[in-house]
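Enquirer: Provided herewith is a single structure, encoded as structure tokens, for subsequent inquiry.
Read-outs: derived from the displayed coordinates by stated rules, not from any lab. None of these values were measured; they are calculated from a predicted model. Note that we place each Cβ from the backbone using ideal geometry, even for glycine, and neighbour counts take in every protein chain shown.
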Amino acid sequence: MASQSQGIQQLLQAEKRAAEKVAEARKRKNRRLKQETLDKMSRIQNSYQQNREAVLANLLKMVCDIKPEIHANYRVAG
């Protein structure tokens, strides 16, 4: 009976160690994913800051540089 009790205790301890390892692996994965997300967000913000002025200038140029033209489908009545 004592050997069964020891075997059960060993199994419970092994299960506890395995659960701790899994929990630690999840923590490491979450930390890694969080760091990767922060890195990606930082790169996006840097890209935004670098391209913002050029995009705004191009947009304003396109909006303000109006060239009046007659549409190809326009027909003179008469």
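Enquirer: When both residues are 6+ apart or on different chains and their Cβ atoms are under 8 Å apart, which pairs have a first residue that lies in segment 50-78 and is of a type in the set (Phe, Trp, Tyr), and a second that is surrounded by fewer than 10 Cβ atoms within 10 Å (Cβ to Cβ) and not in a loop (DSSP other than H, G, I, E, B)?
Expert: Here the result reads none, with nothing in segment 50-78 linked to a residue that is surrounded by fewer than 10 Cβ atoms within 10 Å (Cβ to Cβ) and not in a loop (DSSP other than H, G, I, E, B).
Enquirer: A follow-up question, please. For the condition loosely packed, with under 10 Cβ neighbours inside 10 Å and either in contact with a Ser or Thr (Cβ under 7 Å, 6 or more places away or on another chain) or assigned to a helix (DSSP H, G or I) (or both), what is the one hit in 5, 47?
Expert: The conditions single out 5.
Enquirer: Moving on. Exactly one of (1) under 25 Å from the mean Cα position of the chain (by Cα); (2) surrounded by fewer than 10 Cβ atoms within 10 Å (Cβ to Cβ) is unmet by residue 70. Its number?
Expert: (1)
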